Amino acid sequence: MTDNFAHRAADWDNPSKINMTTIFVSKLVDKIALQKNWRGLEIGAGTGLVGLQLLPYLQSVVFEDTSAAMLGILKQKLKGDEVVEIVEGEVFEYQKQDVDFVFSCMAFHHIPDIEKTLEHLYQITNSGATIVVGDIRTEDGSFHHFEPIPHKGFDTAELSEKFEKAGFKVLSTETYNVLNRERTPGVFTDYEQFMLVAERR
Ligand SMILES: C[S@@+](CC[C@H](N)C(=O)[O-])C[C@H]1O[C@@H](n2cnc3c(N)ncnc32)[C@H](O)[C@@H]1O
């Protein structure tokens, strides 16, 4: 599999990404009563900017990502006493049904088959599990400089339908942040980030 993030991994943990992920984590922690006995799984964990902040609230975290380079940076940050598992590959590689909490920040738009992913999440989560997905609302492709990516953001009503069809009850789909980015010289665009919270039936 091509590692599309290989050239970005070394510089990923820059102030902008740290800020973006910290906003996501603080909204998540405000909204969800995280439990110390929960096993978490992060989809598209990257260098661990989100999961490492949430780990102290949880029993353990599975960091899943298709990029060996991004996970390589995460591994450098681990001290060795954390209760973590690292899965390099698609989420389908994780097969145990023991997950209480799934979270993902800015990775869903990179996942080609959302329906199949949600069906798999249903298989690996415990009844009542919480799912939190942060991503951008539908955009014109400029966010990724019109490069081909699986999804130009999401319409949260359509995404919610997919969650419901896969066996999850969607509890909320709030905008939690707005990124203002100059993707075309001189043109600043607002990209709304939403947080979808769902519960496995
Ligand atoms: C925009 S980055 C976000 C990384 C991290 N969540 C953060 O906020 O810093 C997207 C991540 O998703 C990963 N990714 C891309 N396609 C994926 C897939 N099909 N399954 C899992 N992860 C994927 C990339 O390797 C990358 O690390």
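Some notes on this structure:
- Among VAL133, VAL84, VAL187: highest mean-square fluctuation, GNM of the chain, C-alpha pairs under 10 Å: VAL187
- Listed residues GLY40, MET70, VAL87: farthest to the positive end of the dipole of the stretch 9-200 (Cβ charges): GLY40
- Each residue in MET195, MET70, MET1 was given a count of other beta-carbon atoms within 10 angstrom of its own, and listing them fewest first yields MET1, MET195, MET70.
- Packing-based exposure ordering (other Cβ within 10 Å, fewest first) of VAL61, VAL170: VAL170, VAL61
- The stretch 181-201 and the stretch 39-69 have Cα centres lying 21 Å from one another.
- Coil-residue GluC sites (Glu not before Pro) of the stretch 55-142, DSSP, other Cβ within 10 Å capped at 16: GLU82
- Total charge dipole magnitude, the chain, about the Cα centre, Cβ charges on Lys, Arg, Asp, Glu only, Debye to nearest 20: 460
- Put in order of Cβ neighbour count within 10 Å, fewest first, the listed residues ASP100, ASP81, ASP13 become ASP81, ASP13, ASP100.
- Helical mean residue ellipticity (222 nm; -39500 (n - 2.57) per DSSP H run of 4+; nearest 500) of the chain: -7500 deg cm²/dmol
- Among ILE114, ILE131, ILE149, the residue with the largest mean-square fluctuation in a Gaussian network model of the chain, with springs joining Cα atoms closer than 10 Å, is ILE149.
- DSSP bridge orientation in the stretch 9-200 - percent antiparallel, rounded to nearest 5: 50
- Anisotropy class of the stretch 9-200 from Cα gyration tensor, a/c 1.5 cut: oblate
Bear in mind these aren't lab numbers, they're just calculated from the coordinates by the rules spelled out. Everything numeric in this text was worked out from a predicted model, so none of it was measured. Using ideal geometry, Cβ is built from the backbone for each residue, glycine included, and neighbour counts are taken over all protein chains shown.
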